Each structure stands twice: as structure tokens, then as C-alpha cells.
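Here's the structure, in C-alpha cells; my notes come after.
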Amino acid sequence: MSSSLSPVYAASVPAGAAAEVASHGHRAEVGGVLRRCRELVRPALVEAVGRLHPWTGEMAAHALGWCDAAGTPDPAASEGKGVRQALAVLGAEAVGADGGVAVAGAVAVELVHTFSLMHDDIMDGDALRRQRPAVWKAYGTGPAVLAGDALHSLAVHCLAEAPGPWTGDAVRRLCGALNALVCGQAEDLRFERRPWSGPGAVGMEQYRAMAEHKTGALLGCAVALGAVLGGAPSGTVAALERAGRHLGVAFQAVDDLLGIWGEPMVTGKPVHGDLRLRKKTYPVLAAVAGDGPAARELAVLLESPGPLDDAAVAHAAVLVEEAGGRAAAREEARRHLDAARHGLRGFALAPGAAGDLDALFASLLDRDW
């Protein structure tokens, strides 16, 4: 499947044009936007999960951070930032509609995101999610697959019930994003079997296409759903979706950085977890693609047989940084954030919501979660 990012990604964006997230006040502003959107969507999300079988509903509530594995409310658990549901709400507001028209779309993308994390944890063997046992670890692999399937079905059902003349278009967009997400996940899994060097090695364009599908498709769909349900013209919807896809590639690049250098108490994942699994993430691929001594030593280490112990993994992280992988991944994120913001110029978006979108986009470059 070819990437749809090329036209905007190749656009003339001044080098380093993206603004850094500068202040605590800016972060607080974005936090307020996310909180407002979560509060708007939460009642409908609770109602939707309440339709499930009690057991799958309990697993969904655990995944969403509402309860522990015994079904007891867990106020200390993280419910996540709610970026996708916020994008749906802001997509509607950006085209001049009330954010409430996007609630069904926001619920749908949040359910899709949750089920994809459930299944992703199974495929990657990740035992923790947001510093708690992943659903498959708490309930078993079979039940977690079942709960994920239930959320998948529920997401489409909820969106299909959205009132208004644009429901059919909204459902088609969600189904397209679901297909792209599966394609991206399939490519990510296939990357594990490919060598680190030689003709079969994963190229950076191949990685970008995977990231666009696996992460960008749902982010683009989220903001586009808000615009569709808000009655926006097709050109505006397309621009918002394209921006969301760029945002997704940037988001994935930052996620890859956190997978190596993130703080476990914040990310909920073990330190150097992606390196230990030899995952082909952007910083590692960029580092191995270099021609210096650190790149060559890293390739030999990653191609060595047997598991990597703590010392080897820590050394690999040093080599990735020395070979330029960390800086390359950050620059990749910056380029795609520039492209996302640049792609929305020239469209008549509501100033307040457009400002919130821009602040949310920018905040993702320096996120630590």
C-alpha cells in the first residue's frame, strides 16, 4: 500500500520552521484542551462500554484505566491523554461546528485505539501498559483477543448510530482507517523477520509508510471524522486528515525514542524495552544505516545470536545515539510536525479550535508519555 503523505511531505517547508514547545504554561494549555474534550466524550464512552457483555466490558474498563483486574474502580490508574478523541472534537470545532457533533466519532476512535493496544500488547509480548498489567496478562490471551474484537465491533456500531446526513461517509472513513491500521501492524510484524543489512533490510521510506498506516491512519481519521460530522467540505476534510497522518508519523518517531530512552515510571514500559526486543524502530534503523564505527558495531550487536543482556542493551542504546539515530528520529518528528501544520494553512478554520489543534500538534514533539 503506497503512502499518501508524499505531496505534503515534499512541500516547501523552511528548515526548522516548527516551533519548540516552550513553556509550562503551554503544556498546561494543552492539558486543559485534552481534559475538556475527555469530559465531553466520557459519558458517551461509558454508555458505549456498558453495552458490552459484563466480562468483556470489565476488560475494556481495565484497558481504559477505569478499574483494576478485579473490576474494582481504580482512581490511581491512568486513562491516557485522550489525544484521538480530542482530535475528533477539535476537528469539528475547527470547521465551525459544535464539538458535541463529533462525540460519536470520538468514541469510535477511542474504542479502536483501545482495542489496537490490547492486540498490540499480545503481539509484542508486552506485560505492562501504563504501569499496570496489560489486559492479556491480567485476564489471559484468549479473553484479551475477545475483548479487543468486541471493542472493534462496538466502535463501528457507535459511529453508525451518529445522527445526521454524513454518517455513511464517517463509517467508511473509519473502516478505511481500520484497514490501514491492520496493514501497518502487519508490516511492523514482518519487519521483525527482515535483516538489519543487505538487500532485504528495512528502508526508511518503508518505515514511514508503516508508521503512517499503523499510527497516522487513526489520528488522521480522528480529526477528519470531526470535520465530516461537522459538515465540512471535502477539501477541508482531506487537509485535516492529511495533517493527522503526518502527526501520526511524528507521534511514532517520538514513541520510538521513548521506547529506548523513556522514563519507565512515565511510559509504563521497561527501559530499553524496544532494543531488548531488537525492534526495527526509527532511531535504530537510522543509526544502522550510517557508515561510522558506531553504526557498524551496532549492526554486529543486533545481528548476534541469543538474547541481549542488560549490559548489551545499554551499550546498544549508546551506539544508537553515537551513530546519530536519536537525533535523526527527533528531526523526523519535527519535519512531519512542520508538514502537518503547514498543510492546514490556507483553510478557513475557526481560530480558537485551529489554535488548540496547533498547540496539540506542537506538544507531541516533547511529550514524555
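Miscellaneous remarks
- Scanning the stretch 100-148 for residues that are surrounded by fewer than 22 Cβ atoms within 10 Å (Cβ to Cβ) and part of a loop (DSSP other than H, G, I, E, B) gives G125, D126, A127, R130, Q131, G140.
- From the list V271, V288, V284, V266, the one residue that fits, being over 28 Å from R172 (Cα atoms), in contact with a Phe, Trp or Tyr (Cβ under 9 Å, 6 or more places away or on another chain), without any contact (Cβ under 8 Å) to a residue 12 or more places away in the chain and not hydroxyl-bearing (S, T, Y), is V271.
- Checklist (1) surrounded by fewer than 24 Cβ atoms within 10 Å (Cβ to Cβ); (2) within 20 Å of H152 (Cβ to Cβ); (3) not hydrophobic (A, V, I, L, M, F, W, C) applied to E205, failing item: (2)
- A61 surrounded by 17 or more Cβ atoms within 10 Å (Cβ to Cβ), part of a helix (DSSP H, G or I), aliphatic (A, V, I, L, M) and in contact with a Leu (Cβ under 8 Å, 6 or more places away or on another chain): no
- Looking at A253, A227, just one residue is in a helix (DSSP H, G or I), touching a residue at least 40 places away in the same chain (Cβ under 8 Å) and closer than 21 Å to L365 by Cβ, and that residue is A253.
- Residue within the stretch 173-185 that is surrounded by 13 or more Cβ atoms within 10 Å (Cβ to Cβ), closer than 23 Å to R51 by Cβ, touching a helix residue (DSSP H, G or I) at 6+ places or on another chain (Cβ under 6 Å) and without any contact (Cβ under 8 Å) to a residue 24 or more places away in the chain present: no
- Residues in the stretch 324-369 that are in a helix (DSSP H, G or I) and aromatic (F, W, Y): F361 alone.
- Candidate set from the stretch 72-98 (those that are among the hydrophobic types (A, V, I, L, M, F, W, C) and part of a loop (DSSP other than H, G, I, E, B)); member that is surrounded by the fewest Cβ atoms within 10 Å (Cβ to Cβ): A76
- Of the helices (runs of 4 or more DSSP H) lying entirely inside the stretch 256-323, those containing at least 2 residues that are among the β-branched types (V, I, T) and over 19 Å from L189 (Cα atoms) are 264-267, 310-322.
- Index of the failed condition, M210 passing every other in (1) without any contact (Cβ under 8 Å) to a residue 60 or more places away in the chain; (2) among the hydrophobic types (A, V, I, L, M, F, W, C); (3) under 28 Å from A354 (Cβ atoms); (4) surrounded by 21 or more Cβ atoms within 10 Å (Cβ to Cβ): (3)
Read the figures in this text as sums done on the coordinates, not as results from a lab. Worth saying up front: this structure is predicted, and the values here are computed from it rather than measured. Glycine also receives a Cβ, built like all others from the backbone with ideal geometry; neighbour counts cover every protein chain displayed.
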